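Note sheet for the following structure.
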Amino acid sequence: MTTLTETQTDEERGTVIPLHNLPTLSEKVARLNQRAEKMGVAPMRLVVIETVDRETVNEHTGLTHRERFARVDIEGESPVLDGWSLVSRVTLADNGEALTLTVPGQTCPPEFREVDMARCDHCKASRRRKDVFVLLHEDGQHIQVGRQCLADHLGHVSAEWMLMLATWVRELREGCADASEEGWGGTEPQIETLQYLTATALVCRRIGWTSRAKARLDDTGTVHATSSHAWSLCTGPGNSDTQRRHWREWVEENDLHVSDSDRADAEAALEWARAIEPGCSNEYLYNLGVAARQYAVTTSTSGLMASAISAHQRVLDEAVVAVERVEAGKKQKHIGEVGERRRFNDLACVSLKTFDSDYGPRTLCRFDDLDGNVVIWWATGTAPEWLDSDGVFDVVGRVKAHEDYNGTPQTVLTRVRPATDGDK
């Protein structure tokens, strides 16, 4: 309801609220405007004057705390009836003082704060009144009108209508003020995404990774999820002196001070997660990508986003392993000739994996020889009793094929059995 004047700057206008409270405030204004429509009053407008990003650095952890705010205001013209507009409703408090409910954008003259509640400028009658209304005419004249005289003065507009109007504008004004509080209107608390991931990287480095599932299984109450630790680092201690002391002690005992490597890990993980394709078939990665592309983390996405640090590290580790495999593959080679039956000495059994098929179970047996060459055998059924994954064996088999798997040469055998002294 504020009308911008030549002497009023944007910095002096409106109310500063957390940006994530804006949608809820917009819904509230829309609902109040529905009431205005029923009263035949022009709706008011919620105006965003500016958005502001603020950064502060926590003196204990070194974390950069980022918040995004909006400066908002309610604009619109006060309803005018026959040249008169409502300025304020004045009610009498128990101690005899006057309480004023003034329409935003209007100014109630100070003399009406000590008004004679018995006076009505319309009927001129003097009698006890619980409330009166201050009206302003287009010519600048202010008058005081009693409840029962409003209809006559304004052309059959009831006091109840004026009270509804006063309540409506009050709720619009209070809505903006209330929206300045964190968590107002049921909105979830939020933490800027990069700040949260930096805290997660710090916790992983100093305390280690703990999933929420693992933390829930703990009966001692001493194991906490990494996401909980990161959230606490970002939000800081509670309001009491004891809470603040315990939080600072926890930070110092675990040396939870952010480093350049924590910031770098968080930035890299966030860049990777935001680049996940929206059409990704993996549900976990799809959800992680969606959450990462948001400005802030909420309590409902904090566990998912905390996993981005360890997930990104796994991707990096897998990339290193893939490179190592390629390099190793350049030195590895196939053994024997396809179709040749021969002896293979000193084969270390690396893994045994059984799979179901249309023809019954089959077991993939993988061996490495002393030179690191890979030998594969698909055994019918489960692995034979003479074979275990910890042993080294001399076997006889026929070379079925020479294959490559992810750049690694593999010699595939068939009809494998343990070698005897007479086998060559």
Self-check item: Residue, modelled with the highest pLDDT, within the stretch 138-155, restricted to residues that are under 52 Å from the mean Cα position of the chain (by Cα), over 22 Å from Leu99 (Cα atoms) and not small (Gly, Ala, Ser)
Solution: Glu138
Exercise. Search the stretch 20-51 for residues being touching a residue at least 60 places away in the same chain (Cβ under 8 Å) and assigned to a loop (DSSP other than H, G, I, E, B), and hand back the single one that is surrounded by the most Cβ atoms within 10 Å (Cβ to Cβ).
Key: Met44
Exercise. Give the residue, chosen from Ser351, Ser357, that is in contact (Cβ under 8 Å) with a residue 12 or more places away in the chain, surrounded by fewer than 17 Cβ atoms within 10 Å (Cβ to Cβ) and among the hydroxyl-bearing types (Ser, Thr, Tyr).
Key: Ser351
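Does Ala319 qualify as being part of a helix (DSSP H, G or I), crowded, with 16+ Cβ neighbours inside 10 Å and either free of Cβ contacts under 8 Å to residues at least 12 places away in the same chain or not hydroxyl-bearing (Ser, Thr, Tyr) (or both)?
no
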Self-check item: Whichever residue in the stretch 234-290 is touching a strand residue (DSSP E or B) at 6+ places or on another chain (Cβ under 9 Å), part of a helix (DSSP H, G or I) and not hydrophobic (A, V, I, L, M, F, W, C) and, among such residues, is farthest from Gly303 (Cα to Cα)
Solution: Arg263
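Among residues belonging to the stretch 398-424 that are among the small types (Gly, Ala, Ser) and under 53 Å from the mean Cα position of the chain (by Cα), point out the one that is nearest to Asn345 (Cα to Cα).
Within the stretch 398-424, the match that is nearest to Asn345 (Cα to Cα) is Ala401.
The values are calculated or read from the model by the stated rules, or taken from the named source; none is laboratory data. Just so you know, these numbers come straight off a predicted model, no measurement behind them. Neighbour counts run over all protein chains shown; Cβ positions are idealised from the backbone, glycine included.
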